[in-house]
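Some notes on the structure that comes next.
The values are calculated or read from the model by the stated rules, or taken from the named source; none is laboratory data. Here the structure is a predicted model, which is why all the values come from computation and not from measurement. Cβ atoms come from the backbone with ideal geometry, glycine included; neighbour counts cover every protein chain shown.
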Ligand SMILES: [Zn+2]
Ligand SMILES: [Zn+2]
């Protein structure tokens, strides 16, 4: 049986206060165990695509709950399937990687872990993006849905994804047959902890929620020589400076002001000594947008400006700058309007108006986007769950610029609130999408 989304909406009954309280109590009873897992994951973070301990810990837990579990999907990912009668297929995804950050939260279970970067060098590692709250809530949700099997019908595909921080994991899992070896989802759902919302507040953004991100590396060639004889050289520092200045007009003069866009030159390196004119300058840019059209306008514009400025500087043809888009790029994450609106209503009726908000989109990126881009006929939402401890929120009166952001070595969410809220929200959403009858 294939349900259309309209049918699901029509069948939606708002949760009663008694049901909501019963679910909240059941999750409350799971919390001590879930917090033990959280603290263990937090103390033992693993870098992108090097997740070994985490999946090895979670896979057996899912088997115990009755899921059909496959490991090493897309290198280190886990897919746990529970078929429970006819109905839609719902994919619930948690990302599990951490970051090369030295933790400075001072928490008793702070990470002291050391990991290896792709270049072989060692780095401290921390769950500075809060993916440990995602993994724990994922298991918490699996626990509830397994216990409440008689209250839903359909198929659950629970995905523990590696490598989100390097936007590699979703791609790796899709290329390893996520949508062909396992039931193909009709609905895609995930959440991310938020450093911009008070703990326990849910944010659902409708439409674009996270951006296209391209890293553009530019090698500006020159003709080097002695600093005293500029007439014999082509100075790449002067040319690269012109390029940086000209790039500022892409967003301010060429882009439609209604379309968000960012062009940041984050790195500019050239030269060794005051009296040597270098033969190369290197620029590194982050280029961000939501729509494919804006993305194309920016990337085409960068190529045009770079070449045009080099020609204006009289650079010979064989010394034209080289523009490279570093791979992988991240594609914008889109929350489908129907599903976003539906979940906003569902969460508002379950948690109350005070705990649900509609934040504006942000210019960060997520590779959760790839699942929906692989088949845009599906419904997809990633929502936020606030993690800022209430006392910290109150102290700055909600001005989160004064607080640690995601990826900060000081990011210490109110994990208990994030995990209990996310587990409840994911469970409520799953029970609704996989509604019986
Ligand atoms: Zn992150
Ligand atoms: Zn993250």
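Filtered by the rule that a residue be within 16 Å of ligand 2 (Cβ to nearest atom) and either closer than 20 Å to residue 109 by Cα or at pLDDT below 95 (or both), region 411-437 gives 411, 412, 413, 415, 418, 419. For region 122-157, the set of residues classified as in contact with a strand residue (DSSP E or B) (Cβ under 6 Å, 6 or more places away or on another chain), within 16 Å of ligand 2 (Cβ to nearest atom) and part of a helix (DSSP H, G or I) consists of 131, 133, 134, 135, 138, listed by residue number.
Residues are listed down the side, and each one gets a yes or a no for (1) within 26 Å of residue 200 (Cβ to Cβ); (2) in a helix (DSSP H, G or I); (3) within 16 Å of ligand 1 (Cβ to nearest atom):
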| residue | (1), (2), (3) |
| --- | --- |
| 61 | yes, yes, no |
| 66 | no, no, no |
| 71 | no, no, no |
| 75 | no, no, no |
| 79 | no, no, no |
| 87 | no, no, no |
| 92 | yes, no, no |
| 106 | yes, no, no |
| 120 | no, no, no |
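Going by the conditions given, is residue 19 away from ligand 1 (no atom under 16 Å from the Cβ), surrounded by 15 or more Cβ atoms within 10 Å (Cβ to Cβ) and at pLDDT below 95? Talk me through it step by step, then tell me what you get.
Numbers: away from ligand 1 (no atom under 16 Å from the Cβ): yes; surrounded by 15 or more Cβ atoms within 10 Å (Cβ to Cβ): yes; at pLDDT below 95: yes.
Considered against the rule, which asks whether it is away from ligand 1 (no atom under 16 Å from the Cβ), surrounded by 15 or more Cβ atoms within 10 Å (Cβ to Cβ) and at pLDDT below 95, residue 19 comes out as yes.
List every residue pair whose Cβ atoms lie under 6 Å apart, where the two residues are 6 or more positions apart in sequence or sit on different chains, the first residue falls within region 402-422 and is touching a residue at least 60 places away in the same chain (Cβ under 8 Å) and within 16 Å of residue 347 (Cβ to Cβ), and the second residue, located anywhere, is within 15 Å of ligand 2 (Cβ to nearest atom) and outside any helix (DSSP H, G or I). From residues that are touching a residue at least 60 places away in the same chain (Cβ under 8 Å) and within 16 Å of residue 347 (Cβ to Cβ), the pairs are 418/193; 418/385; 418/387; 421/385; 422/191; 422/385. Of the helices (runs of 4 or more DSSP H) contained entirely in region 348-437, those carrying at least 3 residues that are within 23 Å of residue 338 (Cα to Cα) fall at 369-373, 415-433.
Do we find that residue 299 is touching a strand residue (DSSP E or B) at 6+ places or on another chain (Cβ under 7 Å), more than 14 Å from residue 215 (Cα to Cα) and touching a residue at least 12 places away in the same chain (Cβ under 8 Å) in this structure? Outline the logic, then answer.
On the way: touching a strand residue (DSSP E or B) at 6+ places or on another chain (Cβ under 7 Å): yes; more than 14 Å from residue 215 (Cα to Cα): no; touching a residue at least 12 places away in the same chain (Cβ under 8 Å): yes.
No: the conditions fail for residue 299.
The single condition among (1) surrounded by fewer than 23 Cβ atoms within 10 Å (Cβ to Cβ); (2) modelled with pLDDT of 95 or more; (3) out of contact with any helix residue (DSSP H, G or I) (no Cβ under 9 Å at 6 or more places or on another chain) that residue 125 does not satisfy is (1).
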